[in-house]
1. Working only within the range 166-190, note down all residues that are under 16 Å from residue 216 (Cα atoms) and either without any contact (Cβ under 8 Å) to a residue 40 or more places away in the chain or part of a strand (DSSP E or B) (or both).
2. Out of curiosity, is residue 180 buried (at least 24 other Cβ atoms within 10 Å of the Cβ), within 14 Å of the ligand (Cβ to nearest atom) and not charged (D, E, K, R)?
3. What's the number of the only condition in (1) outside any loop (DSSP other than H, G, I, E, B); (2) under 30 Å from residue 229 (Cα atoms) that residue 163 fails to meet?
4. How many residues, within the range 34-48, are of a type in the set (A, V, I, L, M) and in contact with a Leu (Cβ under 6 Å, 6 or more places away or on another chain)?
5. Identify, please: which residue in the range 198-241 is free of Cβ contacts under 8 Å to residues at least 24 places away in the same chain and among the polar types (S, T, N, Q) and is, among those, surrounded by the fewest Cβ atoms within 10 Å (Cβ to Cβ)?
6. Select, from 178, 239, the only residue that is out of contact with any Gly (no Cβ under 6 Å at 6 or more places or on another chain) and either at positive phi or modelled with pLDDT of 95 or more (or both).
7. Which condition number in (1) in contact (Cβ under 8 Å) with a residue 60 or more places away in the chain; (2) in a helix (DSSP H, G or I); (3) buried (at least 21 other Cβ atoms within 10 Å of the Cβ) is the one that residue 130 fails?
8. Checking residue 133 against (1) within 26 Å of residue 26 (Cα to Cα); (2) away from the ligand (no atom under 14 Å from the Cβ), which single condition isn't satisfied?
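The values are calculated or read from the model by the stated rules, or taken from the named source; none is laboratory data. All values derive from a computational prediction rather than experimental measurement. Note: ideal-geometry Cβ built from the backbone for every residue, glycine included; neighbour counts use all protein chains shown.
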Amino acid sequence: MNRLTVLPVEFTTGGITNTIYPAIVCDETEMVLFDCGYPGFFPLLTSAAAAAGFDCSKLTKIFITHHDYDHMGALAEFKQAYPQVQIIASCIEEPYISGRRKSLRLQQAEDIYPTLPEEQKDFARNFQQKLQEMKHVAVDCCVSDKARLDCCGGIEVVATPGHMPGHISLYLHDYKTLITGDALTMENSDLAMANPQYTLDMATAKESIKKLLTYDIEQIICYHGGSYTGNCREALQRLVR
Ligand SMILES: [Zn+2]
């Protein structure tokens, strides 16, 4: 059965309820998950998948859009539970995901730490510790722009650097759907650029959005905010203007 489903995963931190939106696509032979949540989110994700009718023990691939702890924090838990799962990420993000190179997010957090007001420093130290404790996972398959997997109706890698240098989005041909990770976000039911505070190179991020205009897109799935099903072309044009 061919199917694409967004999995809203709701959680509460510091009294605030939040939701992330990983997605699953499957066909007769493959079940593919796109990003996998914060550290400790394995039970939340697998139960969200079960509620949508997916048995995660049948997962064959996990795409990681980029190295950030909300997108790959639970990756080690998935790999431990399902060793057969193939981990796919961009060649540029691979050294960070596998731990061969220091996390760029951690480097950013350390760089801005001395400039923070005292009252933010506890939170900042806590954030750095979380990044340091994140488990590394070997990437089984490194991909570059325009790489295409012939499963689930065709999955094409779209390099969308900016938020992170090796950030990728995935275009699902049969579904005319773009999975954007953090290249885009949904805010107040509208498409927006991801938070500039966490985007390492804003000019490059905008160039990446321009590139998306070359795809025939009917749905954009944002990891933060969920699905956008309005006029995607117009929304993207507005962002690059
Ligand atoms: Zn991110």
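1. The first filter runs over the range 166-190 and keeps only residues under 16 Å from residue 216 (Cα atoms), leaving 169-180.
Scanning the range 166-190 gives 169, 170, 171, 172, 173, 177, 178, 179.
2. Details: buried (at least 24 other Cβ atoms within 10 Å of the Cβ): yes; within 14 Å of the ligand (Cβ to nearest atom): yes; not charged (D, E, K, R): yes.
Considered against the rule, which asks whether it is buried (at least 24 other Cβ atoms within 10 Å of the Cβ), within 14 Å of the ligand (Cβ to nearest atom) and not charged (D, E, K, R), residue 180 comes out as yes.
3. (1)
4. Of the residues in that region, 1 qualify.
5. Ranking the qualifying residues of the range 198-241, first place goes to 214.
6. Values: 239 fails: either at positive phi or modelled with pLDDT of 95 or more (or both).
Exactly one residue qualifies, and that residue is 178.
7. If we test residue 130 against (1) in contact (Cβ under 8 Å) with a residue 60 or more places away in the chain; (2) in a helix (DSSP H, G or I); (3) buried (at least 21 other Cβ atoms within 10 Å of the Cβ), just (3) comes out false.
8. (1)
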